[in-house]
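Throughout, read-outs are computed from the coordinates displayed, never taken from laboratory work. Model, not experiment: these values are computed from the prediction. Cβ: placed from backbone, ideal geometry, glycine included. Neighbour counts: every protein chain shown.
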Amino acid sequence: MQTLQPGHLVMVDIEGKTLSAETAAFLREHHIRAVCLFRKNLGTEDEVRRLVSDLREVLGPQALIGIDQEGGSVARATFLPQAPAAMALGAIENTAEAEMAAREIGAAVARGLRGLGINWNFAPVLDVNNNPANPVIAERSFGADPHRVARLAGAWMAGSLAEGVACCVKHFPGHGDTHVDSHHALPTVDKSLDELEALELIPFRALKDDAPALMTAHIVYPQLDTEHPATLSRRVLTGLLREAIGYRGVVISDALMMKAIYDRYGHARGAVMTLAAGADMALAQGTLADQRAAIEAVGAAIHDGRLDPAAMQASRLRLDSLARRFPAGAVAYPADRRADDDVVMHAAWARGLCALGGATPPGRDTPLRVLTQARVDTDGVSEAGLAAEEVEALFAGHRDIELLCVPDLPQFDPSTLPRDGRRTVLVSNHRRRYGAAMAGWRPDLHLSLWNPFQVADIAAPAVVTWGYADGALAALRAWLEGQAGATGVAPVPLAPHA
């Protein structure tokens with residue numbers, strides 16, 4: 001049997017859009033076999049394909065090259081056909097049709113990734129979004145019904161697996177009921193095991209035999225473990241996930257550089273703790289020094305017995321099996337197949353478009369004032385939001401538009417708007433919820449391009465797109481011009497708007 005190296009159990013990231021000699025040497029020296037790509041690594045499509053090829057040469061035939069390509073706002077390779085957010089698929093009213101669309105989308109996403117040589121996608125999301133205040137999941141979830149989430153996520157995953165890309169369901173045991181983003185702080189969900197079994201765990205149980213990999217949540221569940229977040233909890237990862245649920249696939253931590261872990265444990269210590277808890281791989285990003293510290297900490301813990309060598313060898317074998325089943329390496333993505341996939345994605349976005357509160361398109365001759373945020377930068381999780389000039393392009397078919405751009409839309413005071421007879425269209429191109437500044441204001445129309453729960457903050461007729469990819473914008477523009485309907489049905493409870 002191959003000698004176990006601590007680097008076999010650690011996934012790292014890299015700097016830049018090319019593989020430097022220094023980084024290549026580091027990967028070889030530490031026997032790294034897994035790299036996660038982020039927006040900072042993605043240049044042109046040809047550049048990404050070359051980077052992945054270079055990585056595979058260094059990492060070896062059992063390379064695992066991962067990425068977050070969920071669809072919607074979380075899609076790193078934006079040059080590929082742009083997949084609908086999970087909730088856009090959830091908004092397709094007929095469940096059988098939604099399942100069919102989800103399978104097609106999962107397959108199309110996988111074909112795009114295989115065309116780059118990527119073999120591991122950290123998707124789909126199994127989180128049941130039952131908390132409207134959730135700052136990080138929202139439209140990334142398929143909805144609020146755990147059984148429907150399981151069916152749609154299972155169909156999405158089946159499409160991906162059939163096209164040769166491993167999925168990684170997330171975030172166990174559920175990130176849908178948090179008020180805090182674990183990228184910035186440590187959330188707590190104070191639910192009993194029975195409560196989790198009745199909601200959050202339903203999709204994970206349903207797909208336990210199909211999902212080749214699973215990602216943990218940086219969340220404390222005090223009724224399961226009073227001390228440790230799930231990522232570092234043996235009670236959660238071994239007692240609940242492995243023993244009670246019977247999951248046998250690969251378990252990888254969420255990124256240990258996230259503040260929920262890093263600020264309390266440091267990610268070197270966190271890497272040891274997650275492996276001790278039952279994970280097979282620690283996602284330890286950072287500088288080369290940070291990564292080296294994590295790898296050395298894992299090696300020291302194996303050497304002194306804090307990590308059971310037999311258990312670590314079993315983890316390596318699970319990872320080996322994943323890499324054999326889903327080999328890295330680019331597969332041709334023909335132009336006609338790509339074009340067909342783009343059509344499928346546009347159609348799914350259009351079917352999810354949802355009108356609420358009696359929303360109707362403004363007439364093309366109606367004088368409009370379009371209020372939006374000037375720019376929305378990436379937060380490191382989601383891609384940058386739609387810029388104001390792209391918002392303006394939605395109204396190219398209207399004859400009298402006044403665009404009003406503000407730096408921070410949730411802080412805007414609507415009482416400052418002139419009363420000159422123009423109809424006001426609020427275009428929410430950001431993720432954050434609205435606060436007291438907007439309370440009681442009723443624009444003529446609200447277009448929510450991202451977080452659907454924003455419509456509960458604004459008492460107005462609304463259209464929800466679930467995202468701002470090309471397909472979502474094309475569907476919305478067709479609706480605005482009276483050329484298409486909006487037949488989607490919200491898969492989460494949203495407040496009345498009329």
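Counted by neighbouring Cβ atoms within 10 Å, the residues Ser160, Ser315 run from fewest to most as Ser315, Ser160. Computed 3J(HN,Hα) for segment 217-228, one whole-Hz value per residue from the Karplus formula 6.51 cos²θ - 1.76 cosθ + 1.60 where θ = phi - 60°, is 10, 7, 9, 8, 10, x, 7, 9, 8, 6, 9, 10, glycine and proline marked x. Based on the Stokes-Einstein relation at 10 °C and a viscosity of 1.306 mPa s, and on the Kirkwood radius from alpha carbon pairs, segment 171-319 is assigned a translational diffusion coefficient of 104 µm²/s. Within segment 351-438, the trypsin sites (Lys or Arg not before Pro) that combine a DSSP coil assignment with at most 10 other C-beta atoms in a 10 angstrom radius are Arg419. The number of Lys pairs in the chain with C-alpha atoms less than 26 Å apart, excluding pairs fewer than 8 positions apart on the same chain, is 9. Size descriptors for the chain (Cα atoms only): Rg and Dmax, in that order, 22.8, 78 Å. Sum -39500 (n - 2.57) across every DSSP H segment of at least 4 residues in the chain, then divide by the residue count to get the 222 nm mean residue ellipticity, nearest 500. About -10500 deg cm²/dmol.
Compute the Rg/Rh shape ratio of segment 258-314: radius of gyration over Kirkwood radius, all on alpha-carbon atoms. Computed over Cα atoms, the ratio is 0.96. Taking the 0 to 90 degree range and rounding to the nearest ten, how far is the long axis of helix 288-304 tilted relative to the main principal axis of the chain, both from C-alpha atoms? Approximately 40 degrees, to the nearest 10. Between the Cα long axis of helix 335-352 and the first principal axis of the chain there is an angle of about 60°, rounded to the nearest 10.
Loop-resident GluC sites (Glu not before Pro) (DSSP state other than H, G, I, E or B) in segment 1-50 with no more than 14 further Cβ atoms inside 10 Å of their Cβ: Glu15. Within segment 353-480, the percentage of alpha carbon pairs spaced more than 19 angstrom apart rounds to 43%.
Taking every Cα-Cα distance in segment 295-345 and sorting them into 5 Å bins from zero, the calculated P(r) comes out as 4, 16, 12, 12, 11, 11, 7, 6, 8, 9, 4, 0 percent.
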